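Before any comments, here is the structure.
The values are calculated or read from the model by the stated rules, or taken from the named source; none is laboratory data. As the structure is a computational prediction, the values presented were derived from the model and not from experiment. Cβ: placed from backbone, ideal geometry, glycine included. Neighbour counts: every protein chain shown.
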Amino acid sequence: MLITPLHLEHEPLLFDEAIPAGALDYAPDVAQIGALPVVGRAELLIENRGHREQVADIRLHAAYRGNFEVLCARCVEPVHTPLAGDFDLIFRPQSADASPGERSITPDETEIGYYGESGLSLEDVVREQVLLSLPSRTLCKEDCKGLCPRCGQNLNLAPCSCIAAPAVEPNASGWNALAGLATTIKPR
């Protein structure tokens, strides 16, 4: 759904959308399960800058609720992750602040997003908000054993045959390649 200042000129836009699963590409380890309902309101805020300059900001206030699968950080199995969130954001046209050079901004302006000439894509905003609301690390369970570093066996399901063998040779080290370096470099 594309939202433009023209849509909002006379009255706010109320929306009740359902983003279908697979419509948005979140990340390689995140999948949306089922539709993602998004309910909200978009309104036009006219910002006066100086004597004759006006900027058409879009305020977007919405809520979403949906189900996702996120891969476990240790065993890479999908983990059901329900998400719900709401946001209240302001977007400004990219051209409004495109003047060359540096410009100081207020702390409130650090929270402003930008939209292009064609308008503001609701799907892009929802995608960003979903990604921001995901936990930084997801585990299928607190004591997840992960994968064997040698054979890749999921250790939660069964032990592997190489578990008794050391993953690295006892004297093998990444520093071994530098062992003879000290004898070849002469101090000045």
* Before we move on, is ALA35 assigned by TED's automatic domain parsing to the domain that holds ALA18, modelled with pLDDT under 90 and over 17 Å from PRO5 (Cα atoms)? -> no
* Structure fact -> Those residues of segment 75-94 which are part of a strand (DSSP E or B) and modelled with pLDDT under 90 amount to ARG92, PRO93
* Checking LEU134 against (1) under 23 Å from PHE15 (Cβ atoms); (2) modelled with pLDDT of 90 or more, which single condition isn't satisfied? -> (1)
* Asked: Which one is surrounded by the most Cβ atoms within 10 Å (Cβ to Cβ) among residues in segment 15-36 that are in contact with a helix residue (DSSP H, G or I) (Cβ under 9 Å, 6 or more places away or on another chain) and assigned to a strand (DSSP E or B)?
  -> LEU36
* Structure fact -> Per the filter on segment 118-141, residues in a loop (DSSP other than H, G, I, E, B) and under 25 Å from GLY66 (Cβ atoms) are LEU134, PRO135, SER136, ARG137, THR138, LEU139, CYS140, LYS141
* Asked: Of everything in segment 1-14 that's under 25 Å from the mean Cα position of the chain (by Cα) and among the aliphatic types (A, V, I, L, M), which residue is surrounded by the most Cβ atoms within 10 Å (Cβ to Cβ)?
  -> ILE3
* Asked: In segment 37-60, is there at least one residue being free of Cβ contacts under 8 Å to residues at least 40 places away in the same chain, among the polar types (S, T, N, Q) and either part of a loop (DSSP other than H, G, I, E, B) or within 30 Å of ASN154 (Cα to Cα) (or both)?
  -> no
